[in-house]
Amino acid sequence: MNKLHTVGLSLALLSGSAMAQGVGVYGVAGTGGLGVGLNLPIGPAFGLRGELASLTESDTYTEDQITYKGDLKLKGNGVFADFRPFMGTFRLVGGVTFGGSAAALDAQARDGTVTIDGQRFDAAGNSLRANIKYPDNMPYVGVGWGHGRFNEPGWTFGLDLGVSIGKPKVSLVGSGGLLAQPGASAAIAAEERKVQDDLNSARVLPVVKVSVGYQF
């Protein structure tokens, strides 16, 4: 059984037991994309939520003299536990995000060449791709306001601020005749190490999202 089915089954079972207490459904939009969520209040201070969200965004990025263009696939899937320390709208949030945001970016030639680790190589008919991937499962911590509380039916609104924690991995892959050019393989390996060193400082993925829904 894959992760998505497992999460869906768990939420379905929980919603069946919590229906009398008020189950909420909502739409969510944020740094993890657009999606839907299910809110299960299980008492005045606690609640569980599950979300499925995604977004594909095309953009251009520059890293160490190389301009890349491609798609960033954002994932906002997750399971979260809410704790309301003051029994109000403020929430402390912990959980796990899954799916792993990723990017596939192609180096853009300039004057028929591409610069890799400070060296220029012929780019005609050749390509260099950067693949970046965050871990499939990442712990999440944050704070939030809103979402339906225990025994409070009606429209709900939410704001969440937090971080998913995990180190992204990068791989640079040359194709065409690029690898046949003298020094290209070593330059690509050195460039990959530089990019990975830069990404090592990005061990937290900021999360900002808003939601609107209804609690029954």
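The values are calculated or read from the model by the stated rules, or taken from the named source; none is laboratory data. For clarity, every value in this text was computed on a predicted model and none was experimentally measured. Cβ atoms come from the backbone with ideal geometry, glycine included; neighbour counts cover every protein chain shown. Heavy atoms of the whole protein, side chains included, go into the accessibility calculation; ligands, DNA and RNA do not. Shrake-Rupley method; radii C 1.70, N 1.55, O 1.52, S 1.80 Å.
Criterion first (acidic (Asp, Glu) and open to solvent by 20 Å² or more (accessible area, probe 1.4 Å)) does residue 82 satisfy it?
On the way: acidic (Asp, Glu): yes; open to solvent by 20 Å² or more (accessible area, probe 1.4 Å): no.
Criteria not met by residue 82.
Working carefully through the options 123, 103, find the one that is under 17 Å from residue 71 (Cα atoms) and in contact with a strand residue (DSSP E or B) (Cβ under 6 Å, 6 or more places away or on another chain).
103
Which members of the stretch 54-69 meet the condition of being in a strand (DSSP E or B) and free of Cβ contacts under 8 Å to residues at least 60 places away in the same chain?
Kept after step one, since they are in a strand (DSSP E or B), are these residues of the stretch 54-69: 54-63, 66-69.
If the condition is that a residue be in a strand (DSSP E or B) and free of Cβ contacts under 8 Å to residues at least 60 places away in the same chain, then 54, 55, 56, 57, 58, 59, 60, 61, 62, 67, 69 are the ones that fit.
Got a number for residues in the stretch 78-90 being in contact (Cβ under 8 Å) with a residue 60 or more places away in the chain and either part of a strand (DSSP E or B) or of a type in the set (Asp, Glu) (or both)?
Residues that pass the stated criteria total 4.
If residue 54 satisfies all but one of (1) of a type in the set (S, T, N, Q); (2) more than 14 Å from the chain's Cα centre (by Cα); (3) modelled with pLDDT of 95 or more, what's the number of the condition it fails?
(2)
Looking at the structure I just gave you, is residue 205 assigned to a strand (DSSP E or B), open to solvent by less than 60 Å² (accessible area, probe 1.4 Å) and in contact with a helix residue (DSSP H, G or I) (Cβ under 8 Å, 6 or more places away or on another chain)?
no
Of the conditions (1) surrounded by fewer than 17 Cβ atoms within 10 Å (Cβ to Cβ); (2) not in a strand (DSSP E or B), residue 129 clears all except one; give me its number.
It fails just one condition, (2).
Any chance you could count how many residues in the stretch 95-131 are closer than 24 Å to residue 56 by Cα, over 12 Å from the mean Cα position of the chain (by Cα) and in contact (Cβ under 8 Å) with a residue 40 or more places away in the chain?
Selection size over the stretch 95-131: 9.
With the requirement that a residue be outside any strand (DSSP E or B) and crowded, with 19+ Cβ neighbours inside 10 Å, what does the stretch 91-116 give you?
Across the stretch 91-116, the qualifying residues are 99, 101.
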